[in-house]
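Novice: Here it is: the structure, laid out below.
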Amino acid sequence: MLKLHSFAKFSLLTALSTILVWQYPAFAWNKPGHMVSGAIAYRELSQNHQEVIEKMVAILKEHPEYSKFEQQWNSLKQSNISAENKNLYLFMWAAKWPDEARNNQAFNHPTWHYINFPYQPGSSSNSIPREIPGEENIIFAFQKNLDIIQSNATNNEKAVAICWLFHLVGDVHQPLHTTKLITNEYKEPEGDRGGTRFYIRVNPDGQTISLHKFWDDLILGSENFQTVRNTATKIRASYQRSKLPELRETQFNNWAKLESFNIAKQKAYLNGKLSGSSDKNDGKPLPPNYAATAKPIAERRMSLAGYRLADVLTKLFGR
């Protein structure tokens, strides 16, 4: 029996967005970003493990909200998207579905999308963070859904768990979904909540946004099928498997602890030197080269998410 151990843009009304920010971190990657990771995984599997795709599609067709997928697919067909792309789009949909289900109490699990390892600049406790036993965070959620898929659960239940597996593998590769900044301005126990209270401006005269949202939106801003597909193709070409030594690490909890957490410290918060504001109306301008540096980091993380998702699915559903 397999045992694995323990990345939606804010498009809601302003009032609801504000409530969500204060309750829990923003979406990890936006919806198009999650769709990209699903597309990368699909292309990987279609080349070497078509049987995995067939098994998963059969289960996903029993998803309790599969009719919503069909509605979205039917609207795509009106744009002359060929039928052979239906399974590809199903993978895209599966990856973003947990964000689309946030308004459904039966499926919404807000704390599953992240884990808040504390980062306190200058502290000696920032090396390898510790998990909190019993906390229903992203590491807990990954194992829980993995267990459901490997159990005697119904295909209805397994389909929901598969979507969560897609989504969580994406989420854990978004650096700011693994940490909270602790400073005199952002005090324990909440800190800056994964950068959702750390306000910046991309340009000095730009709009104030959270650092978290900045990282969420680095991959893509459109759910257009062709745009998502093309972005996934470009990222796979730029970050090939053979050039990603990180893929030797197969433990989900280490993707959070050893990779994303360290990237958050070093690249997102610039080892504690990044200037931000707790005033949501007046963010601090990012350094001039910050965005150009962050973009390839996000793309590399997205490529890893797609490849690793394909690997996890192959272990679960391969021959």
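Novice: Does at least one position in the range 266-286 carry a residue that is surrounded by 19 or more Cβ atoms within 10 Å (Cβ to Cβ) and under 17 Å from the mean Cα position of the chain (by Cα)?
Specialist: Yes, the range 266-286 contains a residue that is surrounded by 19 or more Cβ atoms within 10 Å (Cβ to Cβ) and under 17 Å from the mean Cα position of the chain (by Cα).
Novice: How do the pairs read when you match residues in the range 104-122 that are closer than 18 Å to Leu168 by Cβ with residues anywhere that are surrounded by fewer than 15 Cβ atoms within 10 Å (Cβ to Cβ) and among the charged types (D, E, K, R), using Cβ under 7 Å and keeping only pairs 6 or more apart or on different chains?
Specialist: Listed by first residue and then by second, the contacts come to Thr111/Glu136; Trp112/Glu136.
Novice: Oh, and also: Looking at Ile235, Ile209, Ile200, Ile182, can you tell me which residue is among the hydrophobic types (A, V, I, L, M, F, W, C), over 15 Å from the mean Cα position of the chain (by Cα) and farther than 30 Å from Arg130 by Cα?
Specialist: Criteria check complete, one pass: Ile235.
Novice: Being surrounded by fewer than 14 Cβ atoms within 10 Å (Cβ to Cβ) and closer than 21 Å to Thr233 by Cβ is the filter here; which residues of the range 38-56 pass it?
Specialist: Gln47, Asn48, Gln50 - these are the residues of the range 38-56 that are surrounded by fewer than 14 Cβ atoms within 10 Å (Cβ to Cβ) and closer than 21 Å to Thr233 by Cβ.
Novice: Would you call Arg319 in a helix (DSSP H, G or I) and farther than 18 Å from Ile128 by Cβ?
Specialist: No, not satisfied.
Novice: Examine the range 124-134 for a residue that is modelled with pLDDT of 95 or more and either of a type outside the set (Gly, Ala, Ser) or over 16 Å from the mean Cα position of the chain (by Cα) (or both), and state whether such a residue exists.
Specialist: No, there is no match, as no residue in the range 124-134 is modelled with pLDDT of 95 or more and either of a type outside the set (Gly, Ala, Ser) or over 16 Å from the mean Cα position of the chain (by Cα) (or both).
Novice: For the range 75-107, which positions are assigned to a helix (DSSP H, G or I), more than 20 Å from Ala159 (Cβ to Cβ) and not polar (S, T, N, Q)?
Specialist: Leu76, Lys77, Ala83, Glu84
Novice: In the range 162-191, how many are in contact with a helix residue (DSSP H, G or I) (Cβ under 9 Å, 6 or more places away or on another chain) and surrounded by 20 or more Cβ atoms within 10 Å (Cβ to Cβ)?
Specialist: The qualifying residues number 19.
Novice: Okay, moving on. Mind listing whichever residues of the range 225-265 are in a loop (DSSP other than H, G, I, E, B) and either among the hydrophobic types (A, V, I, L, M, F, W, C) or surrounded by 18 or more Cβ atoms within 10 Å (Cβ to Cβ) (or both)?
Specialist: Tyr239, Leu244
Novice: Still on this structure, I have one more. Does Ser17 satisfy the condition of being over 19 Å from Gly306 (Cβ atoms), in a loop (DSSP other than H, G, I, E, B) and modelled with pLDDT under 95?
Specialist: no
The values are calculated or read from the model by the stated rules, or taken from the named source; none is laboratory data. Predicted, not measured: the structure shown is a model, and the values here were computed from it. Cβ atoms come from the backbone with ideal geometry, glycine included; neighbour counts cover every protein chain shown.
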